[in-house]
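As structure tokens, the structure follows; a few thoughts come after it.
Nothing in this text is a laboratory measurement; each read-out follows from the coordinates by a stated rule. This structure is a prediction, so every number in the text was calculated from the model and none was measured. Because the Cβ atoms are built from the backbone with ideal geometry, glycine has one as well, and the counts that use them run over all protein chains shown.
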Amino acid sequence: MKIYYESLTQQELERLQSIENELIYEHQKNLEFLVEAEAINQEITNRPIAPGIEGAMQRLRESVAIAKSLGLTSADSKLLPDSQLLCLPPHS
């Protein structure tokens, strides 16, 4: 009986160690994601702002290109416009 309980305890310790290892792995993934997200945020927000509507449209196109490079689409975010909105109409 003692051997049974000792083996059960060892199995439980191994199970807990496995759970702990998985939690550590997930935590590391989350930290890496946060570091990457912060770098992307800095890249997006620290770009120069050109004056006028054309400058704003250029910045919008760049922001959309960055978002698309990350795999985001207008279906993922209402803030991402469809590509038709990225061009200014010709001057009349």
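Points worth noting:
- Within-12-Å neighbourhood charge of residue 61 [Cβ basis; K, R +1; D, E -1]: +1
- The phi torsions of segment 51-61, fed into the Karplus equation with coefficients 6.51, -1.76 and 1.60 and a -60° offset, translate into couplings of x, x, 5, 4, x, 5, 5, 4, 5, 4, 4 Hz, rounded to whole numbers, with Gly and Pro shown as x.
- Label-reachable residues, segment 31-59, where backbone N falls under 12 Å from a point 7 Å from residue 69's Cα toward its Cβ: 40-41, 43-44
- Annotation for residue 41 and residue 17: the two label points, set 7 Å from Cα along the Cα-Cβ direction, are 3.8 nm apart.
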